[in-house]
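A.B. asks: Here you go, one structure.
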Amino acid sequence: MEQILALLIGVLVAASVWLMLSRNVVRFLFGLVLISNAANLVIFTGGRLTLGAPPLIDEGADAPPALVANALPQALVLTAIVIGFGLLAFALALVFRAYTALGTVDSDEMRLAEPREGEEGAAKLPARGGATPEMAREAAE
Amino acid sequence: MKSVIVESGARFLVALLLVFSVYMLLRGHNLPGGGFIGGLVGAMGFVIQTIACGTESARKALRADPSNIAMAGLGIALLAGLFAALFGDALFTGQWLFIGATEESKGLPLSSVLVFDIGVYLVVMGAILTLVFALEEEA
Amino acid sequence: MGSATGEAAAHGAKPANRRGQGLTWVPAALAAAIFAALWPAIPTVAAGEVLRWGVAWVPSLGVNFSVLLDGLSLTFALLISGIGALVMLFAAKYMEGKYHSGRFALYLFLFMLAMLGLVLADNLLTLFVFWELTSITSYLLIGFGHADAKSRRSALQALLVTGMGGLALLAGFILIYTVVGSFDLAVVLASGDVLRDSPLYLPILILVLAGAFTKSAQFPLHFWLPNAMAAPTPVSAYLHSATMVKAGVFLLARLHPALAGTDVWLWSLTLFGGVTAVFASVMALRQTDLKQALAYTTLMALGTLVLFLADGTSAYAITGFMAFLVTHSLYKAALFLVVGTVDHGTGTRDARILGGLARAMPVTAFAAALAGLSMAGLPPFVGFIAKEVLYKGAGELPLGTIVTGFALASNALMFAVAGIVCLRPFWGRPRGETPVPPHEGPWQLLAGPIILSVLGLALGLMPWLKQQALVSPGVDAVLGRGGEARDLKLWAGVNLALVLSLATFALGLMLYAFHVVLRDGLNRLGARLPSLDAGWDRFLDGLKALAAWQTRILQSGRLVNYMAVTFATLLAGLGAALIATAPGPIMLEMPYLLVKEWGIALLVLAGTGVVVSTNSRITALAGLGVVGVGVALIFVTYGAPDVAITQLLVEVLVVVLVALAILKLPSLEPETGRRRWFDAALALGIGGAVTVIMLMVLDVPLDRRLSEYFEVTSWPEAFGRNIVNVILVDFRALDTFGEIAVVAVAGIAAFALLKTKIAPAKEDAR
């Protein structure tokens, strides 16, 4: 099963890279979710798989039975999941915020900080309903 | 999206999930569970209430501001870790007190480790709810 | 300094401008104290002793903060502190009442400390640090009149040129370290043979010479020095006569035992030094600004000094080097100060206007005459002795004819320049109206020129004093062996050197007589030659254009490009690692799997496919959920209930959160085009690489020691039966604390992001 998982991880990574290369930041978010999963699986599989023997110590025993799942990668993955969630939530807030401020989810259109060559950053923006001063200030921060 | 059935069902579920989350937290040291899982379950309860009744009601039920909960949790976890220094151990070394311990049984164990896990619980719950409320209110 | 006064007016003489005004004499006093402290070391060092003192600074790198006091460093240190004291006294008066004169005094003092550190360093790295400090402090000094664009440009140019040289020097020092195994000067100097035989000798030499030549302004990197004359006169007198520009020469002398004695050394120093000397003398003749003329004669002197370090063994050459070094420092500092006094007294430094100043400024004229005669190399001044020894040394060198030719040409030109700078402004009739009626300067301005020029005469009459105190110990230090110095004599009989001297005078007189004609001719010629200074500007412009070009390529402003570059780099890294390890064939086995295992794998696969292919937000979300649940099932199947529960809960939260936000975002649009094919290839490459690496990892036996430790200690020592939880909250609690801190910060940051009020751009919302 480890080798099957190795293949599966490859598929997940490929899919997430493809999504993250998209101009649409929502697709980027999906890629982020998938690559978190792939990374967790890498750590988990790297610690080898043991079918159905959780690393618990039975009542009355001092140590777990001889063949028990590797606890270390589990601890690593557990926190990684929660942190991955934090990262995703932040990215989501960022995307959402970018959309409400700039009115687009296309990263090619989000050029407030780095306007195109020969195009003033402010030149295009007054059309966006007087949001320029605020956005400029936000960009400055 | 307001529905009487969902609302009343949610209230019941929230209470149940909260109790379950504390249960998961406390049993975590010996069985699957712990601060991360407990915090997630607890957050889930309030998320359900948010969806069913809106953030207003969820905030009221939570009483404290979720970001304060997260910060308090972080402080508790830190104190639990610093506690070890009082006994001359390295930081974050677990300190145990066994109440009524006998030869066979360890009695009721109280430990800084449990306090630390409570901190984790509060941080996870507080941080997630901070996010969910903000997203729900702004979106 | 017109700019300085103009600036003070522009800033409206604030009280702050006067800060430190009353304390400007302090640096001069401190410098004098350092000089006095060094003085007692003369007999000890002259007796051949080498004083060392030090403390460990960065022991792990073998860097010591240590001081080395031998003949060479003591001579330099005495010149630096002695001339420094006089220059600072001068500066205190010269800058009086000018903008930030206190700051100026401080910069000058800091520069002196850096310079002292440089010459006294007993460790290559310490030496380098002080070397850079002199560059930085000189940047502040040259750019002191920072309201003037020309000053700023000159300062930056000096900093960049010497800074580049400094980097080369550091590289050279590190190479020396790799050969010798120590940064200690004692070790380096004792390892001359090892260094010369090393295959790294040539790169070391090139790098060290690059450092020395930029600092000492050797042709063709000389152009910053004349420009640096934008600095106030005390700076020119100090940095550009006695000290900073000599740092490069000092370095060559210091490393002489370690690096000299090869053909490359001989030829490169001879050529660079000789060309610099002649070129600079010709340029000096062109100048009408007295300070500029002096700047070019300084270049000439530096060229000569380099020329005489070219040979590895000749004691005469090194004696000439030391004698000329001291002599030049004395008369050149005196002359710069004289020019400063003239500037102060008349308001101009234009040689075409000045004349007959001796009546109004007798003391200055006296000092100028003494220093000028020394510079011209006339007996009985110390300059004469230095020149004699130089000629004798030149005759001894392997490239004697070339060196003698260079020396003769530059000395004759120097003679002429001495006349232009030191005689013409003071004698004869006034040639034009000076901005200010000429008047003598106060004693603080005159002290320096008088003391330095009288010293030049005194040492000329009593050459043995200079010999014993400064020259002989220095020669021993440069050659790395004792008792080699040749005698300095005022009268050495009729010999070739004397004949050459006479030839110099004759040639010099002719040049002086025709210098006005020559100047105009040279100016016409110079206008047609390409200017290195302008070349430098073009070089900087080119550098900026290159930077702009590569920024446009790398910083395209398109997020997708950044991502593509990042992933392409990742793929290149993974690929390189794979090729480097050259894995053997990996056996893929068709495993016997339970039905549920196949089911889970297919579930994850299907979910991934859906997310990738769909254009519907809700469908994609469902696909994500499926993948998440599939992963949770993997966890629970292989004995990780805690992880599985966490994964499941998080998955639910992800779906809820994304659903909250995503429905407010515009729907997905299909993306096509060649670009996506490229993306797909990149993605497949990375996925494939990850799979191969994963398979390789699985091929290696697992080291379970850490896991076993947790397994056996979890209950007996940490009183927990759930090993995963015990690891999280006890064994690795500090890590967990860091992780929950990250979670809290992420939550609060997202909160801040969402709650910050900005006006939404409604009309563009699709």
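The values are calculated or read from the model by the stated rules, or taken from the named source; none is laboratory data. The shown structure was predicted, so the numbers you read here are calculated from the model rather than taken from an experiment. Here the Cβ positions follow ideal geometry from the backbone for every residue, glycine too, while neighbour counts run over all protein chains shown.
A.B. asks: Do you know which residues across the range A:52-91 are closer than 30 Å to A:Arg27 by Cα, at the interface with chain C (Cβ under 7 Å from one of its Cβ atoms) and either out of contact with any Phe, Trp or Tyr (no Cβ under 8 Å at 6 or more places or on another chain) or touching a residue at least 40 places away in the same chain (Cβ under 8 Å) (or both)? Break it down into steps so the answer makes sense when it comes.
C.D. replies: The first filter runs over the range A:52-91 and keeps only residues closer than 30 Å to A:Arg27 by Cα, leaving A:73-91.
Next, only the ones that are at the interface with chain C (Cβ under 7 Å from one of its Cβ atoms) stay: A:74-75, A:77-79, A:81-83, A:85-90.
Those that are closer than 30 Å to A:Arg27 by Cα, at the interface with chain C (Cβ under 7 Å from one of its Cβ atoms) and either out of contact with any Phe, Trp or Tyr (no Cβ under 8 Å at 6 or more places or on another chain) or touching a residue at least 40 places away in the same chain (Cβ under 8 Å) (or both): A:Ala75, A:Ile81, A:Ile83, A:Phe85, A:Gly86, A:Leu87, A:Leu88, A:Ala89, A:Phe90.
A.B. asks: Could you give me the residue pairs with C-beta distances under 6 Å whose first residue belongs to the range C:132-143 and is closer than 15 Å to C:Ser236 by Cβ and in contact (Cβ under 8 Å) with a residue 60 or more places away in the chain, whose second residue is surrounded by 22 or more Cβ atoms within 10 Å (Cβ to Cβ) and among the β-branched types (Val, Ile, Thr) wherever it lies, and which are 6+ apart or on separate chains?
C.D. replies: Listed by first residue and then by second, the contacts come to C:Leu141/C:Val235.
A.B. asks: Show me the helices (runs of 4 or more DSSP H) found entirely inside the range C:111-225 where at least 3 residues are surrounded by 23 or more Cβ atoms within 10 Å (Cβ to Cβ) and of a type in the set (A, V, I, L, M, F, W, C).
C.D. replies: By residue number, C:124-142, C:149-180, C:201-215.
A.B. asks: Output the residues belonging to the range B:18-47 that are surrounded by fewer than 20 Cβ atoms within 10 Å (Cβ to Cβ) and of a type in the set (A, V, I, L, M). Walk me through how you get there before you give the answer.
C.D. replies: The initial filter retains those residues of the range B:18-47 that are surrounded by fewer than 20 Cβ atoms within 10 Å (Cβ to Cβ), namely B:18-20, B:22-23, B:26-27, B:30-31.
If the condition is that a residue be surrounded by fewer than 20 Cβ atoms within 10 Å (Cβ to Cβ) and of a type in the set (A, V, I, L, M), then B:Leu18, B:Val19, B:Val22, B:Leu26, B:Leu31 are the ones that fit.
A.B. asks: Filter the range C:630-663 down to residues that are at the interface with chain A (Cβ under 7 Å from one of its Cβ atoms) and not in a helix (DSSP H, G or I) and give me whichever is farthest from C:Val612 (Cα to Cα).
C.D. replies: C:Gly639
A.B. asks: Among (1) surrounded by fewer than 18 Cβ atoms within 10 Å (Cβ to Cβ); (2) modelled with pLDDT under 80; (3) facing another protein chain (nearest Cβ under 10 Å); (4) touching a helix residue (DSSP H, G or I) at 6+ places or on another chain (Cβ under 8 Å), where does B:Gln95 come up short?
C.D. replies: (3)
A.B. asks: Please go through the range B:33-48 and give me each residue that is in a helix (DSSP H, G or I) and either in contact (Cβ under 8 Å) with a residue 60 or more places away in the chain or within 8 Å of the chain's Cα centre (by Cα) (or both), ordered by number. Reasoning before the result, please.
C.D. replies: Residues of the range B:33-48 that are in a helix (DSSP H, G or I), as a first pass: B:35-48.
Residues satisfying the conditions are B:Gly35, B:Phe36, B:Gly38, B:Gly39, B:Leu40, B:Gly42, B:Ala43, B:Phe46, B:Val47.
A.B. asks: Among (1) part of a helix (DSSP H, G or I); (2) farther than 21 Å from C:Val499 by Cα, there is one condition C:Glu440 misses while meeting the rest; what is its number?
C.D. replies: So the condition that C:Glu440 fails would be (1).
A.B. asks: Same structure, new question: Just one of (1) within 13 Å of another protein chain (Cβ to nearest Cβ); (2) modelled with pLDDT under 90 trips up C:Val610, so point out which.
C.D. replies: (2)
A.B. asks: Can you find a residue in the range C:698-709 that is at the interface with chain A (Cβ under 7 Å from one of its Cβ atoms), in contact (Cβ under 8 Å) with a residue 12 or more places away in the chain and in a helix (DSSP H, G or I)?
C.D. replies: Looking for residues that are at the interface with chain A (Cβ under 7 Å from one of its Cβ atoms), in contact (Cβ under 8 Å) with a residue 12 or more places away in the chain and in a helix (DSSP H, G or I), one finds none in the range C:698-709, hence no.
A.B. asks: If you don't mind, there's one more thing I want to ask. Considering only residues of the range A:8-26 that are in a helix (DSSP H, G or I) and at pLDDT below 90, which is farthest from the other protein chains (Cβ to nearest Cβ)?
C.D. replies: If we filter the range A:8-26 for residues that are in a helix (DSSP H, G or I), which is where we start, we get A:8-20, A:25-26.
Adding the requirement that they be at pLDDT below 90 leaves A:25-26.
On the way: A:Val25: 8, A:Val26: 6 Å.
Only one residue fits best here, namely A:Val25.
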